[in-house]
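Visitor: Before I ask anything, let me first share the structure, which is written out below as structure tokens.
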Amino acid sequence: MSNRDRHGGALAAILLTVLILGALTVAALVSTGLYVAHNIRMTARTGRGETTVETPFGSVHVRESAAFEPKRMGLPVYPGAVRRRDRHKLASVHLDFGDKHKEFSVVAAEYRTYDSLDKVVEFYHHELPHWMFSHERHGGMQLELTEGGYRKMIAIYDDEGETRIALASVGEPASN
């Protein structure tokens, strides 16, 4: 047997092994996907604002609430700004993955004013001197503060003559 025949046989064995491993990987991914898809249950309680999603790996429970007072969260509202009711949400989220449990809440609201972006930014600069300010790509501003297990954010941007102010707080339920 020549040296050339041995190399050809080894190359064929390597290619065959790679093809078999690839086919097994695809089969494993497809069967895992089918297993997860058949074992996910979602329960929504209309009117109560609750949703639960159960998977083989754990569950997620989300509860919506209508109450949101930004000042209570340490987020000052710009004087004269009007809250957009369609963009106002408060929810608590509970993650349960066997022996790992994590609960946090997400609060968000959007306000608008006809005052200039610069005037609104100046107000927040004065009210929140210890927050981190950063410019966004499209001329807006973002303010952030992370401390004590929660993160607070304010985004200020111009939207066709109006200044939009988005307030958000993410953290442990007692923080929000």
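The values are calculated or read from the model by the stated rules, or taken from the named source; none is laboratory data. Predicted model only: the values in this text are computed from it and were never measured. A quick note on method: Cβ atoms are made from the backbone with ideal geometry, for glycine too, and the neighbour counts reach across all protein chains shown. The protein model used for the area step is the full one, side chains on, heavy atoms only, and it has no ligands, DNA or RNA in it. Shrake-Rupley method; radii C 1.70, N 1.55, O 1.52, S 1.80 Å.
Visitor: With Thr146, Thr113 as the choices, which residue is touching a Ser or Thr at 6+ places or on another chain (Cβ under 7 Å) and hydroxyl-bearing (Ser, Thr, Tyr)?
Guide: Thr113
Residue-by-condition table, conditions (1) surrounded by fewer than 17 Cβ atoms within 10 Å (Cβ to Cβ); (2) modelled with pLDDT under 90:
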site: His88; (1), (2): yes, yes
site: Asp96; (1), (2): yes, yes
site: Val107; (1), (2): no, yes
site: Lys119; (1), (2): yes, no
site: Tyr124; (1), (2): no, no
site: Ala155; (1), (2): yes, no
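Visitor: If Tyr150 satisfies every condition in (1) out of contact with any Gly (no Cβ under 7 Å at 6 or more places or on another chain); (2) at pLDDT below 85 but one, which is the exception?
Guide: Going through (1) out of contact with any Gly (no Cβ under 7 Å at 6 or more places or on another chain); (2) at pLDDT below 85 one by one, Tyr150 breaks only (1).
Visitor: Scan segment 100-149 residue by residue and report those that are under 30 Å from Gly58 (Cα atoms) and of a type in the set (Phe, Trp, Tyr).
Guide: Once the filter is applied, which keeps residues that are under 30 Å from Gly58 (Cα atoms) and of a type in the set (Phe, Trp, Tyr), segment 100-149 yields only Phe104.
Visitor: Mind checking which residues of segment 120-144 are touching a residue at least 24 places away in the same chain (Cβ under 8 Å) and either touching a strand residue (DSSP E or B) at 6+ places or on another chain (Cβ under 7 Å) or more than 16 Å from Arg72 (Cα to Cα) (or both)?
Guide: Here is the first cut: in segment 120-144, the residues touching a residue at least 24 places away in the same chain (Cβ under 8 Å) are 120-121, 123-124, 127-128, 141.
Passing the criteria: Val120, Val121, Phe123, Tyr124, Leu128, Met141.
Visitor: Report the residue count in segment 131-145 for those that are at pLDDT 85 or above and either open to solvent by 70 Å² or more (accessible area, probe 1.4 Å) or part of a helix (DSSP H, G or I) (or both).
Guide: Total meeting the criteria: 1.
Visitor: Next up: Filter segment 146-159 for residues that are hydrophobic (A, V, I, L, M, F, W, C) and not in a strand (DSSP E or B) and give the result.
Guide: Correct list: empty.
Visitor: While we're here: Can you list residue pairs whose Cβ atoms sit under 6 Å apart, with the first residue in segment 9-31 being modelled with pLDDT of 90 or more and the second being small (Gly, Ala, Ser) and not in a helix (DSSP H, G or I)? Count only pairs 6 or more apart in sequence or on different chains.
Guide: Correct list of pairs: empty, since none qualify.
Visitor: Sticking with this structure for a sec: Which residues, counting only those in segment 9-62, are part of a strand (DSSP E or B), of a type in the set (Ser, Thr, Tyr) and open to solvent by 60 Å² or more (accessible area, probe 1.4 Å)?
Guide: Within segment 9-62, Thr43 is the sole residue that qualifies.
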